[in-house]
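Following: one structure in structure tokens, then a few remarks.
Values in this text are rule-based calculations from the coordinates and carry no lab data. Given the structure is predicted, the values throughout are model-derived calculations rather than measurements. Note that each Cβ is placed from the backbone with ideal geometry, even for glycine, and that neighbours are counted across all protein chains shown.
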Amino acid sequence: MDVLLIILAIILALVGIVGAIIPGLPGPPLGFGALLLLHFTKEFSYSDNFLIITGIIAAVISILESYVPIWGTKKFGGTKAGVRGSIIGLVIGIFVLPIFGIVLGPFGLFGILLGPFIGALIGERMAGTNDKDAMRSAIGSFVGFVAGTLMKLAYGLVVMVYVLKDSIATLIS
């Protein structure tokens, strides 16, 4: 049973890292789930404090990931139209471009990166914002999206280090 839990923990941690990059997959909660699976093995367990802290961090990052791009857009002078455009651009970049075979990189990475930027730019321009301010808003959306992604990725990588270190140690012994 421990071997199954360890394999599932590794898979969950990997999916958590993918979820850090691809919106829609809850990366930090999946990574935390990997830690919980390891905790329930017979040979290894984390302290309650460690699980509480990593769980709180996963929850905070999951909440912040929705607000950081909005904050970035607003901080750079964007409006609600820019925020909405950013969200629409993200959805199009993730789901629509790959359907049409326009996958410009692994997992439609360019669509994921450029979708919020182009969406915010178009949203601002449709709202009547001048070119300079629309571009600033789009840059803010992009910066916010990248910041949120980096937070999730950092958490996912730290979890993966724990999972691999502890899994290997458990499997070897």
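At a glance:
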quantity	calculated
Residue-count net charge about residue 50 - beta-carbon cut-off 15 Å; Lys, Arg +1, Asp, Glu -1	-1
Net charge of Cβ neighbours under 10 Å - reference residue 6; Lys, Arg +1; Asp, Glu -1	-3
Helix runs (DSSP H) in the chain reaching 27 Å along axis by Cα, Kyte-Doolittle at least 0.0	2-21, 48-75, 131-172
Fewest-first sequence of 75, 165 by Cβ atoms within 10 Å of each Cβ	165, 75
Summed residue charge, Cβ within 13 Å of residue 89's Cβ, Lys/Arg positive, Asp/Glu negative	+1
Options (i) 64, 37, 16; (ii) 48, 46, 30; (iii) 54, 30, 27 - which one matches Cα extents along the principal axes in Å as calculated here	(i)
For the chain, size of Cβ-based charge dipole, Lys and Arg +1, Asp and Glu -1, in debye	560
Candidates 36, 90, 121: whichever shows maximal mean-square fluctuation once the chain is modelled as a Gaussian network with Cα springs under 10 Å	36
Order of 145, 95 - criterion: other Cβ atoms within 10 Å of each residue's Cβ, fewest first	95, 145
Normalised contact order of the chain, rounded percent, pairs of Cα under 8 Å and 6 or more residues apart	30
Listed residues 86, 47, 137, most fluctuating in the chain (Gaussian network, C-alpha, under 10 Å)	47
Potential extension, residue 66-residue 161 segment - 0.36 nm per residue separation minus Cα distance	31.6 nm
Lysine pairs in the chain with Cα atoms under 26 Å, if 8 or more residues apart or on separate chains	8
Over the chain: helical MRE at 222 nm, DSSP H runs n ≥ 4 each giving -39500 (n - 2.57), nearest 500	-27000 deg cm²/dmol
